[in-house]
């Protein structure tokens, strides 16, 4: 119950400090109703029934705790719409730098750690990263 009271207090706010939590930016990995409205549940479910908690660009499997990169935000969007490149002097160089910055988080060692992920998940992470580069 402590979690529920903490969340309730955060949404109630701290009037003395003019500090309030934005309900639209709050998401949980469990169901909770606050003052008659449901807070967003931050769960992604795949077609095969696997459930993942979305957190900071990661998908964490709720049953195995394996970790994958969260590519769900790219669904329905062309990948060229996600990178903005400066057209100043030497645009080719700026494109190369931007692409490296874009891909660097997708190659984080946590995705390929066999102590955390099964061999199948490690292979899937590598495949998804290469597919995104294509």
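The values are calculated or read from the model by the stated rules, or taken from the named source; none is laboratory data. A quick note: this is a predicted structure, and the numbers were derived from the prediction, not measured. Note that we place each Cβ from the backbone using ideal geometry, even for glycine, and neighbour counts take in every protein chain shown.
Miscellaneous remarks
- Criterion (at positive phi and at pLDDT below 85) met by exactly one of 23, 35: 35
- Among the residues of the stretch 47-76, just one is at pLDDT 85 or above, in contact with a strand residue (DSSP E or B) (Cβ under 9 Å, 6 or more places away or on another chain) and either farther than 16 Å from residue 117 by Cβ or part of a helix (DSSP H, G or I) (or both), namely 51.
- Residue 95 being touching a strand residue (DSSP E or B) at 6+ places or on another chain (Cβ under 9 Å) and either at pLDDT below 75 or not in a strand (DSSP E or B) (or both): no
- Scan the stretch 98-125 for residues that are out of contact with any helix residue (DSSP H, G or I) (no Cβ under 7 Å at 6 or more places or on another chain), at pLDDT 80 or above and either part of a helix (DSSP H, G or I) or over 16 Å from residue 60 (Cβ atoms) (or both) and the total you get is 7.
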